[in-house]
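Encoded as structure tokens, here's the structure I'll be asking about.
The values are calculated or read from the model by the stated rules, or taken from the named source; none is laboratory data. These numbers were taken from a predicted model, which means no experiment stands behind them. No Cβ is skipped: glycine too gets one built from the backbone with ideal geometry, and neighbour counts run over all protein chains shown. Heads up: the accessible areas ignore ligands, DNA and RNA and are worked out on the full protein's heavy atoms, side chains in. Shrake-Rupley method; radii C 1.70, N 1.55, O 1.52, S 1.80 Å.
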Amino acid sequence: MSFQNAVLEGVLERITFTSEDTGYTVARVDSGRGGELLTVVGSLLGAQVGESLRMEGRWGSHPQYGRQFTVENYTTVLPATVQGIRRYLGSGLIKGIGPRIAERIVDHFGTDTLEVIEAGPRRLIEVPGLGPKRTEKIAAAWEEQKAIKEVMVFLQGVGVSTSIAVRIYKKYGDASISVVKNQPYRLASDVWGIGFLTADRIAQAVGIPHDSPERVKSGLQYALSQSTDQGHCYLPEERLISDAVKLLQVDTGLVIDCLGMLAAEEEGVVRETVPGEDGQPLTAVYLVPFHRAELSLAGQIRRLLHAQEDRLPVFQDVDWEAALGWLAERTGARLAPEQREAVRLALSEKVAVLTGGPGCGKSFTVRSVVELARAKKARVVLAAPTGRAAKRLSELTGAEASTVHRLLELKPGGDAAFDRDRPLEADLVVVDEASMLDLLLANKLIKAVPPGAHLLLVGDVDQLPSVGAGEVLRDLLAEPGPVPSVRLKRIFRQARQSGVVTNAHRINSGAQPVTHGLSDFFLFAEDDSEEAGKLTVDVVARRIPAKFGLDPRRDVQVLTPMHRGPAGAGTLNGLLQQAVTPARPDVPEKRFGGRVFRVGDKVTQIRNNYEKGACGVFNGTVGVVTALHTEDQRLTVRTDEDEEVAYDFDELDELAHAYAVTIHRSQGSEYPAVVIPVTTGAWMMLQRNLLYTAVTRAKRLVVLVGSRRAIGQAVRTVSAGRRCTALDHRLRGAVTLPGSDSGSGG
């Protein structure tokens, strides 16, 4: 039951829950009546702990939680009592003021404190221990907070979350409200975290017409960018038009007209005829950067293949029997025939691809290529898409390996320090885990390979394709194509003793994994998704540490088919955090949206951010929270590349917990033990290459948790349809490259 409209005033003491999607919040408020905390619910967008709020809404009663106040709108009221001011300033709201400094300031100025900070911040220097630097910082933070508040108040009516309002302000400063009112669709391309749907909601609120060409053009670009998130480099024109009509709820004719306008704009879209899956021509529509990158990548590979010079000429007429004999003495093992062929290809061809499953000798083949090249004094450059994969490549070869991003020295904005005009100093470039290379990164990398150098791409083509758009490795292996390749198929004897390896190959060939009688591969059967989620947590936090002595945070990784659901990464992260890094009085923590971050938490970066760290921090980078400072509003993460990276509290939506991650996000990583919940709740996601990728992430141990029926579904289901990419056709010359054969774009 609920009552009529009422007003409640009080200090926001703590936020117990916030939905990141809707801004719906459950909080506790001190109304000053005898210290009893009241429950308030509703959209408290932008409200910070410690603020005094004047809330309008109604009282009601919840069957489980009792009496509560539903907030319809609120305003912040500056606190008037000394105690209120101390709580407000000490809450971490103003960067540079923590509880200790708040106490000192309030002890000095009393109830005049906020007036002093507002009107005469220079007077803060009177407070013992506050120097001019700190007072200046506090004054600037106060001004910024006020300006952000103004933007928040404006955005509150259109349901934009606090973190996004802060980003809008950081991007546009004092012009924020003007941009939001007059050019809301700019937000979708300018501000990370705002997609077309949020921008569209804002546009409606500020009165932009439903059939405005700006709205339709922005919607078309959104539909294309959504498709690149799903891995496509382009969309067939007919499909794009029907997607846009559905999304925008406007006439087909208007969509076709606006698509024509976009195609005429320089940074709009590109329409081009390419062969479809059935070989018939279709009109493909690309976002400009993806079209440029596809043209450029095809051109760069052809340029390398046909280069006149050769930086490894010694291998053109080498005595291979003698070379491989020397190698066998050095490594203590002989190469199998297809491994010998791969070594010969890598060192005598300008571009080569090596693929194969686990236990088939890819690693030893790569080590052999590197040993022979270095024996001839070649400059060898080793790289992989992730920090963990680079570390593994380095251990394998005994030479330094880096991530592709660090190798190219990507700068803010994403441009590389090394490119065609300033190539890498290399005679041989080896890239491991190449199935992870998306179109944009592959283009940047291959552009930096100097003419005459050899490029060896190594990866397992049966794994999931890259998270980003394209399926570069598969396109390079497409038959008939110009790129020489070797596929290793034979499982070596020592690898055949591993249940992880044999089951990976069983899954890949469409057979059920063996889950009895093995010491490194187990199934805990549980048909109920919720129970499977709880059982997964028990396996990670209790059973694996007890039986195998592995650390649940460092050595064990939960890999899930999807993010949502009772056995999805979202729910499991909450449960695993409680089990592995629980709240303790001596462990600092920060609540952000629906998440709590603590020192010791395992976290992952969820967007490419070129501004962070030495050379950017990239989607999928994993690390551990090592420090959390409430006063400076900053948290520090040590990444798996051993780099300390700082995050301001308003940037925490770039981080997610990583006790459980989706299988897609685990690519390129390897863990001692992997736990995989496979439930019927993830039915639509269950595919063979998904389960195969998850199993191949494990070095020593795999535990499946879930239903046999769901595992059967995953093994039987071969992923439907290829991604929309024309790279394989361009490599074969089936799509004419405009201009020269060198592919100048990108």
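I want to confirm something. Restricting to the range 670-684 and keeping residues that are open to solvent by 10 Å² or more (accessible area, probe 1.4 Å) and at pLDDT below 85, which single residue is nearest to the chain's Cα centre (by Cα)?
Among residues in the range 670-684 that are open to solvent by 10 Å² or more (accessible area, probe 1.4 Å) and at pLDDT below 85, the one nearest to the chain's Cα centre (by Cα) is Met684.
Right, next: Please indicate, with yes or no, whether at least one residue in the range 513-529 is surrounded by fewer than 17 Cβ atoms within 10 Å (Cβ to Cβ) and either outside any loop (DSSP other than H, G, I, E, B) or in contact with a Pro (Cβ under 6 Å, 6 or more places away or on another chain) (or both).
Checked against the condition, which is being surrounded by fewer than 17 Cβ atoms within 10 Å (Cβ to Cβ) and either outside any loop (DSSP other than H, G, I, E, B) or in contact with a Pro (Cβ under 6 Å, 6 or more places away or on another chain) (or both), the range 513-529 yields at least one hit.
Please determine, by comparing only the residues of the range 288-328 that are of a type in the set (A, V, I, L, M) and farther than 30 Å from Lys447 by Cα, which one is surrounded by the fewest Cβ atoms within 10 Å (Cβ to Cβ). Step through it out loud before you land on a result.
So in the range 288-328, the residues of a type in the set (A, V, I, L, M) come out as 288, 293, 295, 297-298, 301, 304-305, 307, 312, 314, 318, 322-324, 327-328.
Narrowing the set further to residues that are farther than 30 Å from Lys447 by Cα leaves 322-324, 327-328.
Numbers: Ala322: 9, Ala323: 19, Leu324: 19, Leu327: 20, Ala328: 13.
Restricting to residues being of a type in the set (A, V, I, L, M) and farther than 30 Å from Lys447 by Cα, the top hit is Ala322.
Within the set of pairs 6+ apart or on separate chains, which have a first residue in the range 309-325 that is within 17 Å of Glu341 (Cα to Cα), a second that is of a type in the set (Val, Ile, Thr) and surrounded by 12 or more Cβ atoms within 10 Å (Cβ to Cβ), and C-beta atoms under 9 Å apart?
Note: pairs meeting the criteria are Trp320/Val343; Ala323/Val343; Leu324/Val343.
Only one of (1) without any contact (Cβ under 8 Å) to a residue 60 or more places away in the chain; (2) assigned to a helix (DSSP H, G or I); (3) open to solvent by 20 Å² or more (accessible area, probe 1.4 Å) is not met by Lys149, so which one is it?
(1)
Would you be able to say whether some residue in the range 480-488 is at negative phi, modelled with pLDDT under 90 and small (Gly, Ala, Ser)?
Step one: filter the range 480-488 for residues at negative phi, giving 480-488.
Applying the additional criterion that residues be modelled with pLDDT under 90 yields 480-481.
Applying the additional criterion that residues be small (Gly, Ala, Ser) yields 481.
Yes, the range 480-488 has at least one match.
Can you tell me how many residues within the range 706-746 are surrounded by fewer than 21 Cβ atoms within 10 Å (Cβ to Cβ), modelled with pLDDT under 90, small (Gly, Ala, Ser) and over 25 Å from the mean Cα position of the chain (by Cα)?
The qualifying residues number 7.
So that you can scan it fast, the table gives a plain yes or no per residue for (1) in a helix (DSSP H, G or I); (2) of a type in the set (Gly, Ala, Ser):
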residue	(1), (2)
Pro184	no, no
Ser189	yes, yes
Ile194	no, no
Leu197	yes, no
Ala203	yes, yes
Ser218	yes, yes
Ala244	yes, yes
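So, in the range 642-666, how many residues would count as being more than 11 Å from the chain's Cα centre (by Cα) and either in a strand (DSSP E or B) or surrounded by fewer than 23 Cβ atoms within 10 Å (Cβ to Cβ) (or both)?
Of the residues in the range 642-666, 14 are more than 11 Å from the chain's Cα centre (by Cα) and either in a strand (DSSP E or B) or surrounded by fewer than 23 Cβ atoms within 10 Å (Cβ to Cβ) (or both).
Please tell me if Ile177 is of a type in the set (Val, Ile, Thr), touching a residue at least 12 places away in the same chain (Cβ under 8 Å) and open to solvent by less than 20 Å² (accessible area, probe 1.4 Å). Reasoning before the result, please.
Working: of a type in the set (Val, Ile, Thr): yes; touching a residue at least 12 places away in the same chain (Cβ under 8 Å): yes; open to solvent by less than 20 Å² (accessible area, probe 1.4 Å): no.
No; evaluated as a whole, the condition is false for this residue.
Please tell me if Leu410 is at pLDDT 95 or above, farther than 23 Å from Ala373 by Cα and under 19 Å from the mean Cα position of the chain (by Cα). Steps first, answer last, please.
Details: at pLDDT 95 or above: no; farther than 23 Å from Ala373 by Cα: yes; under 19 Å from the mean Cα position of the chain (by Cα): yes.
No.
Can you tell me which residue in the range 686-697 is most open to solvent (accessible area, probe 1.4 Å), limited to those that are out of contact with any strand residue (DSSP E or B) (no Cβ under 9 Å at 6 or more places or on another chain) and assigned to a helix (DSSP H, G or I)?
Only one residue fits best here, namely Arg688.
Among residues belonging to the range 589-640 that are at pLDDT 90 or above and not in a strand (DSSP E or B), point out the one that is most open to solvent (accessible area, probe 1.4 Å).
The selected residue is Val599.
Just name the residue that is most open to solvent (accessible area, probe 1.4 Å) out of those in the range 482-496 that are closer than 16 Å to Gly357 by Cβ and outside any strand (DSSP E or B). Spell out the reasoning first.
Step one: list which residues in the range 482-496 are closer than 16 Å to Gly357 by Cβ, which gives 485-496.
Right, trim to outside any strand (DSSP E or B) and you get 489-496.
Details: Lys489: 146, Arg490: 124, Ile491: 37, Phe492: 44, Arg493: 172, Gln494: 131, Ala495: 16, Arg496: 130 Å².
Only one residue tops the list, namely Arg493.
Look at the range 436-477 and say how many of its residues are touching a Ser or Thr at 6+ places or on another chain (Cβ under 8 Å), surrounded by fewer than 24 Cβ atoms within 10 Å (Cβ to Cβ) and small (Gly, Ala, Ser).
1
While we're here: Where in the range 277-353 are the helices (runs of 4 or more DSSP H), entirely inside, with at least 2 residues that are acidic (Asp, Glu) and under 40 Å from the mean Cα position of the chain (by Cα)? Give the derivation first.
Working: elements: 288-305, 320-331, 337-348.
Result: 337-348.
Those residues that are within 23 Å of Asp229 (Cα to Cα), assigned to a helix (DSSP H, G or I) and open to solvent by 30 Å² or more (accessible area, probe 1.4 Å), I need them from the range 261-276; list them, please.
Of everything in the range 261-276, just one residue is within 23 Å of Asp229 (Cα to Cα), assigned to a helix (DSSP H, G or I) and open to solvent by 30 Å² or more (accessible area, probe 1.4 Å), namely Ala263.
What are the pairs, 6+ residues apart or on separate chains, where a residue within the range 666-684 that is within 19 Å of Thr515 (Cβ to Cβ) has its Cβ under 6 Å from a residue that is acidic (Asp, Glu)?
Ala673/Asp555
Taking the range 389-425 on its own, how many of its residues are part of a helix (DSSP H, G or I) and either in contact with a Cys (Cβ under 7 Å, 6 or more places away or on another chain) or surrounded by fewer than 20 Cβ atoms within 10 Å (Cβ to Cβ) (or both)? Walk me through it before giving the result.
The first filter runs over the range 389-425 and keeps only residues part of a helix (DSSP H, G or I), leaving 389-397, 404-408.
From what's left, either in contact with a Cys (Cβ under 7 Å, 6 or more places away or on another chain) or surrounded by fewer than 20 Cβ atoms within 10 Å (Cβ to Cβ) (or both): 391, 394-396, 405-406.
Number satisfying all stated conditions: 6.
Another question, then. So Pro585 fits all but one of (1) in a loop (DSSP other than H, G, I, E, B); (2) over 14 Å from Lys602 (Cβ atoms); (3) open to solvent by less than 70 Å² (accessible area, probe 1.4 Å); (4) not small (Gly, Ala, Ser); what number is the exception?
Just one mismatch for Pro585, condition (3).
Separate question: From the list Cys233, Cys258, which one is under 30 Å from the mean Cα position of the chain (by Cα) and either within 25 Å of Ile208 (Cβ to Cβ) or part of a loop (DSSP other than H, G, I, E, B) (or both)? Steps first, answer last, please.
Details: Cys258 fails: under 30 Å from the mean Cα position of the chain (by Cα).
Result of the check over Cys233, Cys258: Cys233.
Of (1) surrounded by fewer than 20 Cβ atoms within 10 Å (Cβ to Cβ); (2) modelled with pLDDT of 90 or more; (3) more than 21 Å from His454 (Cα to Cα); (4) not small (Gly, Ala, Ser), Thr331 satisfies all except one. Which?
(2)
I need the full set of residues from the range 205-219 which are without any contact (Cβ under 8 Å) to a residue 12 or more places away in the chain and either closer than 17 Å to Val179 by Cβ or among the charged types (D, E, K, R) (or both), in order please. Please lay out each step first, then the result.
First, the residues of the range 205-219 that are without any contact (Cβ under 8 Å) to a residue 12 or more places away in the chain: 207, 209, 212.
Selection gives Gly207, Ser212.
Does Gln578 satisfy being within 19 Å of Val661 (Cβ to Cβ) and either among the small types (Gly, Ala, Ser) or surrounded by fewer than 21 Cβ atoms within 10 Å (Cβ to Cβ) (or both)?
On the way: within 19 Å of Val661 (Cβ to Cβ): yes; either among the small types (Gly, Ala, Ser) or surrounded by fewer than 21 Cβ atoms within 10 Å (Cβ to Cβ) (or both): yes.
When the stated conditions are applied, Gln578 passes them.
Which members of the range 125-139 meet the condition of being within 41 Å of the chain's Cα centre (by Cα) and open to solvent by less than 60 Å² (accessible area, probe 1.4 Å)?
Of the range 125-139, the ones within 41 Å of the chain's Cα centre (by Cα) are 130-139.
The answer is Leu130, Gly131, Thr135, Ile138, Ala139.
Any idea which residue in the range 698-728 is farthest from Gln687 (Cα to Cα), counting only those that are small (Gly, Ala, Ser) and not in a helix (DSSP H, G or I)? Break it down into steps so the answer makes sense when it comes.
Initially, the range 698-728 is screened for residues small (Gly, Ala, Ser), giving 698, 706-707, 710, 712, 714, 719-721, 726.
Among the residues that remain, those that are also not in a helix (DSSP H, G or I) are: 698, 706-707, 719-721, 726.
Numbers: Ala698: 18, Gly706: 15, Ser707: 15, Ser719: 6, Ala720: 9, Gly721: 12, Ala726: 24 Å.
Applying the filter and picking the extreme gives Ala726.
For the condition among the aliphatic types (A, V, I, L, M), farther than 28 Å from Ala175 by Cβ and without any contact (Cβ under 8 Å) to a residue 12 or more places away in the chain, what is the one hit in Ile85, Ile125, Ile101? Before you say what the answer is, go through the steps one by one.
Values: Ile85 fails: without any contact (Cβ under 8 Å) to a residue 12 or more places away in the chain; Ile101 fails: without any contact (Cβ under 8 Å) to a residue 12 or more places away in the chain.
Sole residue among the options that is among the aliphatic types (A, V, I, L, M), farther than 28 Å from Ala175 by Cβ and without any contact (Cβ under 8 Å) to a residue 12 or more places away in the chain: Ile125.
Could you run through the range 360-386 and say how many residues are in a strand (DSSP E or B) and either closer than 26 Å to Thr502 by Cβ or open to solvent by 10 Å² or more (accessible area, probe 1.4 Å) (or both)?
Let us first name the residues in the range 360-386 that are in a strand (DSSP E or B), namely 380-384.
Subsequent filtering for residues that are either closer than 26 Å to Thr502 by Cβ or open to solvent by 10 Å² or more (accessible area, probe 1.4 Å) (or both) retains 380-381, 384.
Residues meeting the conditions: 3.
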